[in-house]
Amino acid sequence: MAIVPEPVLVVGSVAVDAIITPRQTRDACPGGSAVFFAMAASYFAPVRLVGVIGDDFPDGTLEDLRRHGVDLEGLQRIAGGKTFRWKGRYHENMNQRDTLETHLNVFENFEPKLPASYRKTPFLFLANIQPTLQLDVLEQAGQARLVGMDTMNLWIDIAREDLARVLAKVDVLTINEEEALQLSGEHNLVRAARTIQGLGPKNVVVKRGEYGAMLFHGDDVFVTPALPLDEVIDPTGAGDSFAGGFMGYLARIGDLSGEHLRRAMIYGTVLASYCVQGFSYEAMDHLTLADVQRRFDEFSALTDFSRAKLA
Ligand code: AMP
């Protein structure tokens, strides 16, 4: 039977990033949660993007997104405005980074507006933006089959009540390990995920950087490592690329059973592994579905074992 992927809608930041890693520096490269998500998801399903840019945003990036089939009708361009800018520095241990600068610019007054053609999109991802905006999008989007969201420590600190209102309405939360502990007030990851499930999302994906990710699906737990890489160029956007691979695969396959959620975890991990092998989305830009599938198969080999016979 032919696969007919369903569309995925992402709402999130579109940015110009400045990145400092221990070995290289880039002053201005395309970034933002919605861009990484869209690039990753585009390998599996048609993507619609809602976000905002100023007129300084590079046309080349918009062309790259279009080449990936990303629908940009929902991308607002503010004449005379400057795009959101973020600057980060990675430590020698690339799992750690400091945010050096955040300039909201046009993002400060962002009001997400879904074009009429986006309103019934079956797969919706609310990337990391202010929870009140995530709620606003949920109201405009109507009944999606699967709603995913991400968040960050800032919103847990300053907008916890609004965040709780969003959490009550979503099916999947993707969240970093430290943020899962912070949100739940727990010190143990399993207890943290169970507490978060109690706030709304039946599925909680805990992202653990180079240590992989965990899926809590109802009572089930699934664990995947990250791909062991001997060189990481730029980890920026790995979490959003993971979410893009995860949601994109589910939109392609249209089956939300536990078995496919587990596979979605691996496709998410595959896209995240490509993301970190270059600056911005460079290493994710020119893949084929066959490349993605090959790396998926490497994961099977990486984690394959059979039970020993002790007696
Ligand atoms: P990640 O590495 O997955 O945390 O994603 C990094 C991306 O998030 C960068 O491209 C940034 O432009 C973007 N970003 C950083 N801070 C924020 C923020 N406060 N709100 C929205 N996006 C952000």
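Between the alpha-carbon centres of region 48-109 and region 1-39 there is a gap of 8 Å. Solvent-accessible area per residue in region 205-311 equals 46 Å², computed with a 1.4 angstrom probe and all protein chains kept.
Extending 7 Å from Cα along the Cβ direction at L302 and again at T132 yields two label points whose distance is 4.1 nm.
Report, in listed order, any pair from K202/K309; K207/K309; K87/K120; K82/K202; K113/K202 with a Cα-Cα distance greater than 31 Å. Can you show the working numbers first?
Working: K202/K309 37 Å; K207/K309 34 Å; K87/K120 35 Å; K82/K202 38 Å; K113/K202 27 Å.
Correct reply: K202/K309; K207/K309; K87/K120; K82/K202.
Specify whether the C-alpha gyration tensor of region 87-228 places it in the rounded, prolate or oblate class, a ≥ b ≥ c being the square roots of the eigenvalues: rounded for a/c under 1.5, otherwise prolate if a/b is larger than b/c and oblate if not. Oblate shape, in that a/c is at least 1.5 and b/c is the bigger or equal ratio. The mean sequence distance of close C-alpha pairs (under 8 Å, at least 6 residues apart), as a share of the length of region 3-129, puts its relative contact order at 33 percent. Counting only protein heavy atoms and a probe of 1.4 Å, the accessible surface of the chain is 49% carbon and sulfur.
Look at the Cα gyration tensor of the chain: its axes a ≥ b ≥ c give a/c under 1.5, and that counts as rounded. With a simple spin-label model that places each label point 7 Å from the Cα along the Cα-to-Cβ direction, the separation between Q24 and E177 comes to 2.7 nm. Whole angstrom only: what separates the Cα centroid of region 130-198 from the Cα centroid of region 224-272? Going from one Cα centre to the other spans 19 Å.
What value, in deg cm²/dmol to 500, does the helix sum -39500 (n - 2.57) over DSSP H runs of n ≥ 4 give at 222 nm once divided by the residues of the chain? Don't jump to the answer; show the numbers that get you there.
Working: 10 runs with 109 residues, N = 311.
Taken over the chain, the calculation gives -10500 deg cm²/dmol.
Other residues within the sphere of radius under 9 Å centred on the Cβ of C29, judged by their own Cβ, net out at -3 (K and R +1, D and E -1). The value of relative contact order for the chain, using C-alpha pairs under 8 Å at least six residues apart, is 18 percent.
Decide, for region 1-106, between rounded, prolate and oblate: order the square roots of the alpha carbon gyration tensor eigenvalues as a ≥ b ≥ c, take rounded if a/c falls under 1.5, and otherwise choose prolate if a/b is larger than b/c, else oblate. Here region 1-106 falls in the oblate category. For G54, the residues whose modelled amide H falls within less than 5 Å of its own, excluding neighbours fewer than 5 places apart on the same chain, are I78, T83, F84.
Within the chain, antiparallel bridges make up roughly 40 percent of the DSSP beta bridges whose residues both belong there. Debye calculation, C-alpha points only, no solvent: report log10 I(q)/I(0) for region 184-281 at q = 0.20, 0.21 Å⁻¹, in the same order as the q values. After summing over all Cα pairs, the log10 values are -0.98, -1.05. Exposure here means at most 14 other Cβ atoms within 10 Å; with trypsin sites (Lys or Arg not before Pro) in a DSSP loop as sites, the longest stretch of the chain lacking them is 203-306.
Normalised by the number of residues in region 196-246, the average gap of Cα pairs under 8 Å and 6 or more apart makes the relative contact order 23 percent.
The values are calculated or read from the model by the stated rules, or taken from the named source; none is laboratory data. Quantities reported herein were computed from a predicted structural model and do not represent experimental measurements. All Cβ positions, glycine included, derive from the backbone under ideal geometry; neighbour counts span all protein chains shown. What goes into the accessible areas is simple: the full protein's heavy atoms, side chains included, and nothing from ligands, DNA or RNA. Shrake-Rupley method; radii C 1.70, N 1.55, O 1.52, S 1.80 Å.
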